[in-house]
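Participant: Just passing along the structure, written as structure tokens.
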Amino acid sequence: MVKQLTLFSLFLISSLALNAQSLVHYWNFNNSTDQTTLLTPTSNLVPGAAITQIAGGISAIQVTSNTGNGFDVTNPNARTGDVSGAHLRFNDPIGGGLLFSLPTTGYQQVVVKYATRRSGSGAGNQLVYYTTNGTDFDSLTVIQPANGDPTMQTLDFSAIPSVNDNANFAIRITFELGAGGAAGNNRFDNFTLDGFLLGADASPPTVVFSPISGTVDVALNATPTLTFSEDIRLVSDAAIMDGDIPTLVDMRLNDAAGAPVSFTGSYANRVITITPTATLANSQTYYLALNANVVEDTSNNAVVAVQSAAFTTIAPQTQFQPGDLVPVAYRMNASGGQDEVAFLTFVNILPGTKINLTDTKYTDNAQPQCPGGLTWTSPNTLIPAGSVFVIQNDAGAASTGTVTGSTFGLSSGGDQVIVYTGTPDAPSYITALSSNAWVSSPHTACSGSLSLIPAALQDGVSAINLSTAPGNTNGNTVNGYYSGTQTGTNANLRASILNPANWNGIGGATPPQAWPTWNFPGPPQVTSALVTSNSTIRLIFNNDLSPATATDLANYTGIADLTNASVTSNGTALDTVTLTYATPFVIGNSYTLTVANVVDSENRVMLSPYVFTFNYVTKIKFNNR
């Protein structure tokens, strides 16, 4: 058992050595018997390391009087517990230089560090160059040593592949006046080169956010993820537990300074999954970040900088039911005209609402709805019920709103337009049209001229096929428009529009038909308001109203002491609402009434509030005697 533990310990130590950075070359300069011993490496893993003076001016390496000078105070970059002793003192450095031969054979991603300072009259700049072929030198940086206690300088070559595994790698340091003087000295101590064994893991894990930064229209139930390129753990070497996630990841509104967002998290298979405690808000930007120095890979490579992404959630979406949109006209093959479809909406459409249109088919496949097609996004203003809008599927344009995605043409040999929200694998169907008859199962083709009707739709109720429309040719109506009544209830209008007998059709390659001027019923609105007494106001609406909303006092605001709202129907499409107040209006005072959220009998909601402002006056009539 003791032997097994010893072998395991040796294996563990060996593994850690493979995965950790190694001290390849090291000079502590503590042995200053003479220049040769002073410049001999204290330790090195690769032969060939050396320091050579580059002659120039009166520069010289001094072996005596090279202790103290603050190195005994700070002792930067000392290794293996070394105490401060002597250091390398380079007198009158301007004109001369130091060449550090640092072979990296068998090592990669190397970093050089050293402690340095200057005397008050010593050179103010150290010019650092490096070579990978032993002859040609490239400039790396300029170091400005302190005129005081020494500081540690770091020269990072980890991003220069040619330095890796290179027997000719060397650094040359020359000097110039800078902020110092032309004489004096520059001093060096604890000069090191660290590197990873060739082939060892020397890079921190990378992380990919989902949604990626800049993503818009993210679902409100999204569970963002952080996917790592390799296994990770806490920087303490402990395994990541689900309870650790809120300390590793930050989620906020808007940006890094925003209000925190509560969430739980889990880690499995290199993926951190974030589950917000509450549903995300519409049209809100969220900031997600992996904190710095909290996770590392199994080779001790930590993610040292904050990694972050920001995404924006989708705008509030209209919740369509089948038949809330219906086609009223289309062109599949009109000479000199665009392929396009006109839709009537029976509901108010919220700004930023998205619907999908496709000519790919509904099938008997495992995923019935074939993917592809366009996404239409409504404009930044409400589209009222009763509106007609046109989408040009081949041009990728619309009469209102915007169109993105893959454009498609409609075939004069027969085709369909299927409309839904969601995704092809989880669609919510709204309507569909076919220029020919819907086919029966079995049907598996995603292209062509035939399609099943989506299972959630019903022909003549929420969808239409125009195979029997007047003007069809052999059961196919290439172009057509609805020519029936534009008045009536939603139910009557929908039934009329989805009846192919009420359409005018025409064959392909014919001039574009002249579509009607659409004038379908819209949402309720106040057409007039009148103060009828010192305590009553009469409102006349354009539609029959839902009594529940018409008599709801919360829908009439701005004037105090409203006690009653009564609705009267005059047998036409016009309804009257009378508002009664407990406190009489005062002569000369100004009043403002706001009417909102009233719904008509067809469940259409007022598009925008109605505001009525008046100054109360009375009229006195004198009888002539």
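The values are calculated or read from the model by the stated rules, or taken from the named source; none is laboratory data. Remember, it's a predicted structure, so these values are computed and weren't measured experimentally. No Cβ is skipped: glycine too gets one built from the backbone with ideal geometry, and neighbour counts run over all protein chains shown. Areas reflect the complete protein model, heavy atoms only, side chains present, ligands, DNA and RNA absent. Shrake-Rupley method; radii C 1.70, N 1.55, O 1.52, S 1.80 Å.
Participant: Could you list log10 I(q)/I(0) for segment 28-135 at q = 0.11, 0.15 Å⁻¹, which the Debye formula gives when each Cα is one point scatterer?
Facilitator: Debye intensities relative to I(0), on a log10 scale: -0.38, -0.73.
Participant: Which order do you get for 443, 87 if you rank them by accessible area with a 1.4 Å probe, largest at the top?
Facilitator: On the way: 443 25, 87 0 Å².
Result of the area sort, largest leading: 443, 87.
Participant: Spelling out what I want: for every residue of segment 173-185, take phi, set θ = phi - 60°, compute 6.51 cos²θ - 1.76 cosθ + 1.60 (Karplus), and round to whole Hz; glycine and proline get x.
Facilitator: 10, 10, 9, 9, 4, x, 8, x, x, 8, 10, x, 8
Participant: Here's a follow-up. Taking the dipole about the Cα centre of the chain, with the C-beta of Lys and Arg at +1 and of Asp and Glu at -1, give me whichever of 416, 335, 61 is farthest to the positive side.
Facilitator: 335
Participant: Give me the percent relative contact order of the chain, please, defined on Cα pairs under 8 angstrom at least 6 residues apart. Please list the in-between numbers first.
Facilitator: Working: 1600 pairs, mean separation 50.9, N = 625.
In percent, rounded to a whole number, it is 8.
Participant: At 1.4 Å probe size, with every protein chain present, just tell me what the per residue accessible area of segment 495-625 comes to in Å².
Facilitator: Details: 7200 Å² over 131 residues.
Value returned for segment 495-625: 55 Å² of accessible area per residue.
Participant: Express in Å², to the nearest 10, the accessible area of residue 441 obtained by rolling a 1.4 Å probe over the protein heavy atoms while all chains stay in place.
Facilitator: 80 Å²
Participant: Here is a follow-up. Calculate the spin-label point distance for residue 72 paired with residue 456, positioning each point 7 Å from the Cα along the beta-carbon direction, and give it in nanometres.
Facilitator: For residue 456 paired with residue 72, the spin-label model returns 8.3 nm.
Participant: Tell me, what ³J(HN,Hα) does each residue in segment 252-268 have, in order and in whole Hz, if you take phi through Karplus 6.51 cos²θ - 1.76 cosθ + 1.60 with θ = phi - 60° and put x for Gly and Pro?
Facilitator: Once rounded to whole Hz, the list reads 9, 6, 6, 7, 5, 9, x, 5, x, 10, 6, 7, 10, x, 9, 10, 7.
Participant: Students often check this: by mean Cβ neighbours within 10 Å, which of 451-459, 106-114, 134-142 ranks highest, and how do the rest follow?
Facilitator: Numbers: 451-459: 18.6, 106-114: 21.1, 134-142: 12.0.
In decreasing order of mean packing, 451-459, 106-114, 134-142 become 106-114, 451-459, 134-142.
Participant: Counting helices only, and only those DSSP H runs with n ≥ 4, report the 222 nm mean residue ellipticity of the chain as the sum of -39,500 (n - 2.57) divided by its residues, in deg cm²/dmol to the nearest 500.
Facilitator: Details: 6 runs with 43 residues, N = 625.
Calculated from helices alone, the mean residue ellipticity at 222 nm is -1500 deg cm²/dmol.
Participant: Next question, about the same structure. At a Förster radius of 56 Å, what calculated FRET efficiency corresponds to the Cβ-Cβ distance of residue 563 and residue 447, to the nearest 0.05? Spell out each step's value before the answer.
Facilitator: Numbers: r = 65 Å, r/R0 = 1.16.
My answer for the efficiency is 0.30.
Participant: Separation between the residue 50 and residue 608 pseudo-spin-labels, each 7 Å from Cα along Cα→Cβ, expressed in nm?
Facilitator: The modelled label-to-label distance comes out at 8.6 nm.
Participant: Also, quick follow-up: Mind putting a number on the dipole of the chain about its Cα centre? Charges go on the C-beta only, +1 for Lys and Arg and -1 for Asp and Glu, and I need it in Debye to the nearest 20.
Facilitator: Numbers: 20 positive and 38 negative charges, 293 e Å.
In total the dipole reaches around 1400 debye.
Participant: While we're here: Could you pull the Rg and Dmax for segment 383-447, using just the Cα atoms, both in Å?
Facilitator: Considering segment 383-447 through its Cα atoms, Rg and Dmax are 13.8, 40 Å.
Participant: Return the sequence-ordered ³J(HN,Hα) values of segment 305-316 in whole Hz as given by the Karplus equation 6.51 cos²θ - 1.76 cosθ + 1.60 applied to θ = phi - 60°, using x for Gly and Pro.
Facilitator: 10, 4, 10, 9, 8, 9, 9, 10, 7, 6, 5, x
Participant: Then there's this: Can you give me the long-range amide H partners of residue 452? Hydrogens built in the peptide plane at 1.01 Å from N, cutoff under 5 Å, separation of 5 or more residues or another chain.
Facilitator: 362, 439
Participant: Run through all the Cα pairs of segment 237-306 and give the fraction in each 5 Å bin from 0, expressed as whole percent.
Facilitator: 4, 15, 25, 26, 16, 10, 4, 1, 0
Participant: Using a 1.4 angstrom probe on the protein heavy atoms only, line up 212, 274 by accessible area, largest first. Provide the component values of the computation, followed by the final result.
Facilitator: Details: 212 105, 274 0 Å².
So the residues, ranked largest to smallest area, are 212, 274.
Participant: Further question on the same structure: How big, on average over all directions, is the shadow cast by the Cα convex hull of the chain, in nm²? Could the numbers behind the result be given before it?
Facilitator: Details: hull surface 210.6 nm².
Quarter of the Cα hull surface area: 52.7 nm².
Participant: A further question follows. Heavy atoms only, probe 1.4 Å: what % of the accessible area of the chain goes to carbon and sulfur, would you let me know? Please list the in-between numbers first.
Facilitator: Values: 14850 of 28050 Å².
Carbon with sulfur: 53 percent of the solvent-accessible area.
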